[in-house]
Amino acid sequence: MNRHVQFLLPFGSIGCSIFRLILFEGILYILKVAVSPPYFRFPSRPLLVTGGAGFIGTNFIIEWLKNSAATILNIDRLSYGNRCNVENIMESSKYFFAQCDIGDLEQIKALLAEHRPVAVINFAAETHVDRSIRSPENFVQTNVVGTLRFLEAIQSYFRALPDKEKDVFRFVHVSTDEVYGTLSLQEAPFEETSPFCPNSPYAASKAASDHFVRAFGQTFGLPVITTHCSNNFGPFQFPEKFIPLMIHNALKGKPLPIYGDGEQIRDWLYVTDHCSALCRVLEAGRIGETYNIGGNNELRNVDVVQVLCDILDRRKPLSHGSYRSQIEHVEDRPGHDRRYAVNSKKMLEELNWSAKETFFSGLTKTVDWYLSHWDWMEQITGSSFQEWTDYNYGNRTRAQA
Ligand code: TYD
């Protein structure tokens, strides 16, 4: 063989391999962009999450950082109960945090200009029905006025975006099935077309914020999508809510206070299922639409507590007897909605999403998380939690089962 050819051969094969590699990588990149969520076209720009130190927001960020290469900006005012949640995610280089109220227009505008988010998921809200009965106005301030001001800031940011960024921008507003009101046992679960009929100050404030989100879509062309989820449960939920309160009280040897007869029904959605649903909505939800996200797990409150006691009996047995002996029926919540349930058919048919976790598997994971994060529970149940439980449970009379 010609000495020159012999000399060139290795380079030729290397050159060929490099060419093939570049071609392969190029095709891979084109495929990746084609199948990637739209916001991924701007990988250096963050997804903005509001209320990301709350229960669902914290879980969403943890899942996001596990599964996505894109960065996240969390804006949260850090109210009661969620200060220690952010510490769990502070570490990641893909994560930015700013302590700020969504109603603080100037600060929000400055953060938008600095970070230039590619899309928004709005979790920030006051969410506890019992607290809304005590102080309805706080709910109007955060959920209605706060959301309105935030929408104003987002709308002026959106208006100034170049067209190709406008195309991928989404404002996903996370709401609740409680805006639809209550169901009787015979009625079919709520659909996206069910009329709003909120019964608690909390539900009324969320319904009002949903209307503002819709109005900003219609009036200003903001690409909004609203989701209505059923009752969430899982790690990081503040123990003022039903399931973590029962875990807290059970392990502290306190009564497990069931409101009224305990026959009320909720459709329980494990929080990471909710997070995966929101990712699908962000990726492929249709602008201007609403989506119901449910767990397909309708249970009576009494049954939830009994199953919970049975899991605790196995995971952390008492020296004698069962946690069930701590169950007490107490005076009912005023205006207590009898049943919530949503039909998630639209999520399945349009976005190929359905909940993966059963109630039992989700509850077992939840119990295990609380047992292995008891320091979190101790940290979060300080004096303001005590004040709340004294207020809410101190004067409740016993009720009939
Ligand atoms: P909650 O977690 O407050 O959610 P929501 O009211 O938004 O559905 O309550 C879930 C159910 O549990 C609801 O029917 C009220 C009931 N409940 C009790 O029976 N006892 C309690 O101490 C709490 C907090 C709730």
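Each value in this text was obtained by applying a stated rule to the coordinates, not by laboratory testing. Computed from a predicted structure; not experimentally measured. Cβ placement follows ideal geometry from the backbone for every residue including glycine, while neighbour counts extend to all protein chains displayed.
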Query raised in the report: Taking the Cα centre of each part, how many Å lie between the range 101-150 and the range 312-382?
Result: 27
Report summary line: Here the FRET efficiency for VAL307 versus ALA188, based on Cβ atoms and R0 = 25 Å and rounded to 0.05, is 0.50
Requested in this report: Working from Cα positions, state the angle (0 to 90°, nearest 10) between the long axis of helix 359-372 and the longest principal axis of the chain.
Outcome: 90
Query raised in the report: If the convex hull of the alpha-carbon atoms of the chain is projected onto planes in all directions, what is the mean projected area in square nanometres?
Result: 25.8
Requested in this report: May I ask you to sort CYS229, CYS275, CYS197 by Cβ crowding, counting other Cβ atoms within 10 Å and putting the fewest first?
Outcome: CYS197, CYS275, CYS229
Requested in this report: Calculate, axis by axis, the spread of Cα positions in the range 47-87 along the three principal axes, and write the results as whole Å, longest axis first.
Outcome: 30, 15, 15
**Report entry** Helix 3-35 axis, angle to the chain major axis (alpha carbon atoms, nearest 10°)
**Finding:** 30
Query raised in the report: Between the range 226-251 and the range 49-91, what's the alpha-carbon centroid distance in Å?
Result: 17
**Report entry** Relative exposure of ILE75, ILE287, judged by other C-beta atoms within 10 Å (fewest first)
**Finding:** ILE287, ILE75
Query raised in the report: Can you give the extra length, in nm with one decimal, that the chain gains between TRP369 and ASP163 once fully stretched, where that is 0.36 nm per residue apart less the Cα-Cα distance?
Result: 69.7 nm
Requested in this report: Report relative contact order for the chain in percent, whole number only (criteria: Cα-Cα under 8 Å, sequence separation at least 6).
Outcome: 16
Report task. Lys and Arg at +1, Asp and Glu at -1: add these up for the other residues within a Cβ distance under 12 Å of ARG398 and post the number. Result -> -2
Query raised in the report: Using unit Cβ charges (K, R positive; D, E negative) and no other charged atoms, how large, in debye to the nearest 20, is the dipole of the range 64-179 about its Cα centre?
Result: 260
Query raised in the report: Which of the trypsin sites (Lys or Arg not before Pro) across the range 272-359 are loop residues per DSSP, with 16 or fewer other Cβ within 10 Å?
Result: ARG286, ARG338, LYS356
Query raised in the report: Which ³J(HN,Hα) values, rounded to whole Hz and listed in residue order, are derived for the range 101-114 from phi using the Karplus coefficients 6.51, -1.76 and 1.60 in 6.51 cos²θ - 1.76 cosθ + 1.60 with θ = phi - 60°, glycine and proline given as x?
Result: 7, 5, x, 8, 3, 5, 5, 4, 4, 5, 5, 5, 5, 6
Query raised in the report: What is the antiparallel percent of DSSP beta bridges lying wholly in the chain, to the nearest 5?
Result: 10
Report task. Pull out the extension gain between SER79 and GLU331, defined as 0.36 nm times the separation in residues minus the alpha carbon to alpha carbon distance; nm, one decimal. Result -> 87.9 nm
Report task. Give the angle, between 0 and 90 degrees and rounded to the nearest 10, that separates the Cα long axis of helix 271-284 from the longest principal axis of the Cα atoms of the chain. Result -> 40
Query raised in the report: For PHE360 and HIS211, what does the FRET efficiency come to when R0 = 45 Å and r is the distance between their Cβ atoms, rounded to the nearest 0.05?
Result: 0.75
Query raised in the report: So, with +1 on the Cβ of K and R and -1 on the Cβ of D and E, and no other charges, what is the size of the charge dipole of the range 174-286 about its Cα centre, to the nearest 20 debye?
Result: 400
Report summary line: Residues meeting the amide H criterion for PHE97 (H placed from the backbone, H to H distance under 5 Å, 5 or more places apart or on another chain) are ASN74
